[in-house]
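Here, each number is a calculation from the coordinates, and none is a lab measurement. A quick note: this is a predicted structure, and the numbers were derived from the prediction, not measured. Cβ coordinates were reconstructed from backbone atoms using ideal geometry, including for glycine residues, and neighbour counts include every protein chain displayed.
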Amino acid sequence: MERIGRVADADTTPRLSVRARALGLMSVTDVKLAVLRQQPVWWNGSQYHCPVCEADFASPGSAAAHTIADQHPVLRMD
Ligand SMILES: [Zn+2]
């Protein structure tokens with residue numbers, strides 16, 4: 001009777017988080033470009049967000065470690 005709302009997603013493109021889409025980012029490529037633009041001041045932040053797995057980080061060190069470990073572009077959010 002009850003249906004689970006989530007349908008198996010055959011799309012190989014990872015869906016980005018709501019927070020990333022709110023910023024106008026629609027693909028991992030968009031996020032990578034945004035991170036490149038943040039490059040000069042990226043390390044000065046205190047809030048980071050991975051749009052691929054919706055993880056948040058409170059320091060640039062943990063954000064960078066996630067990028068290296070999982071190959072995800074992590075946005076600075078503050
Ligand atoms: Zn991630």
Here the net charge surrounding LEU75, from other residues whose Cβ is less than 15 Å away from its Cβ (Lys, Arg +1; Asp, Glu -1), is 0
Determine the sum of side-chain charges near LEU25: Lys and Arg each +1, Asp and Glu each -1, restricted to other residues whose C-beta is under 12 angstrom from that of LEU25. +4
Charges at C-beta only: +1 for Lys and Arg, -1 for Asp and Glu. How large is the resulting dipole of the range 18-76 about its Cα centre, in Debye rounded to 20? 180 debye
Between ALA64 and SER27, what's the calculated FRET efficiency when r is the beta-carbon distance and R0 is 25 Å? Round to 0.05. 0.70
Determine how many Å³ per residue the convex hull of the Cα atoms of the range 18-76 encloses. 70 Å³
Apply the Karplus parameterisation 6.51 cos²θ - 1.76 cosθ + 1.60, with θ equal to phi minus 60°, to every residue of the range 65-72 and state each ³J(HN,Hα) to the nearest whole Hz, in sequence, with x for glycine and proline. 4, 5, 4, 6, 6, 10, 6, 9
